[in-house]
Amino acid sequence: MNNVPLRLQIELIFLILCFTFFIYRYVHKRKISVRYSVVWFISAFAMFICAIIPEPLEQIAKSFGIETLSNLLFLGGIIVLLVISFSLTIIVSELKHKLMVLTQEFGILKQELERNKMDEK
C-alpha cells in the first residue's frame with residue numbers, strides 16, 4: 001500500500017535531518033531559546049516518523065475522504081502553521097504587556113531618582 005517512492009522517503013529524511021541540524025545550530029548559538037525550539041524538534045520528529053512510515057497517513061487521508069496524501073499533508077501543514085502563528089501572537093502579546101509594565105516602572109524610578117536629586121540640593 002506504500003505509494004511513496006523510496007527515493008522520495010530518503011530525500012525527505014535527509015531534509016528533515018538538515019532541518020533538525022539547523023534548529024540545533026540556532027539553539028547552540030542562542031538565537032532560539034530551548035523553550036521555543038522544543039516545538040520545532042517535536043515537529044521534526046513527527047515529520048521523520050511520517051517519512052519512514054507513510055501508511056498510517058494514507059489511511060487517515062482515505063478515512064477523511066481526501067484523495068491524495070499530498071492534500072492531507074498540505075492541510076496538516078496549514079493547521080500547524082496556524083497553531084504556530086497563534087502561539088506566537090500570544091507570546092508577542094505577553095511581551096508587549098511586560099514591556100509596557102517595565103516602561104512604566106522605569107518611568108516611576110526615573111522620576112523618583114530625579115526627585116531625590118532635587119531634595120539633596
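When a/c reaches 1.5 or more, the comparison of a/b and b/c decides; with that in mind, is region 39-89 rounded, prolate or oblate per its Cα gyration tensor? It comes out oblate by the Cα gyration axes.
Hydropathy at least 1.0 by Kyte-Doolittle, axial extent at least 20 angstrom from the Cα trace: which helices of the chain, defined as entire DSSP H runs, fit?
Values: long enough: 6-28 (33 Å, 1.41); 34-52 (27 Å, 1.89); 69-120 (75 Å, 0.72).
Sorted by number, the helices that extend far enough and score high enough are 6-28, 34-52.
Summarising the label geometry, the points placed 7 Å from Cα in the beta-carbon direction at ILE52 and TYR26 lie 2.4 nm from one another.
Globularity index of the chain is 1.77 (Cα radius of gyration / 2.2 N^0.38 Å, N = number of residues).
May I ask you to derive the relative contact order of the chain, considering only C-alpha pairs under 8 Å and at least 6 residues apart, and to give it as an integer percent?
20
A Förster radius of 35 Å, combined with the Cβ-Cβ distance separating PHE41 from LYS96, puts the computed FRET efficiency at roughly 0.85.
If you filter region 1-77 for GluC sites (Glu not before Pro), then keep DSSP loop positions with at most 15 other Cβ within 10 Å, what is left?
Values: sites: GLU11, GLU58, GLU67; in loops: GLU67.
Those satisfying the criteria are GLU67.
Pairs to check: LYS29/LYS98; LYS96/LYS121; LYS31/LYS96. Give those whose C-alpha atoms are more than 27 Å from each other in this structure. Checking Cα-Cα distances, LYS96/LYS121 exceed 27 Å.
Shape verdict for region 67-121, please, from the Cα gyration tensor: rounded (a/c under 1.5), prolate (a/b greater than b/c) or oblate. In terms of gyration-tensor shape, prolate. With Cα atoms as the point set, the radius of gyration and Dmax of region 3-64 evaluate to 14.1, 43 Å.
Laboratory data are not the source of any read-out in this text; all were calculated from the coordinates shown. Just so you know, these numbers come straight off a predicted model, no measurement behind them. When we count neighbours, we look across all protein chains shown, and the Cβ atoms used for this are built from the backbone with ideal geometry, even at glycine.
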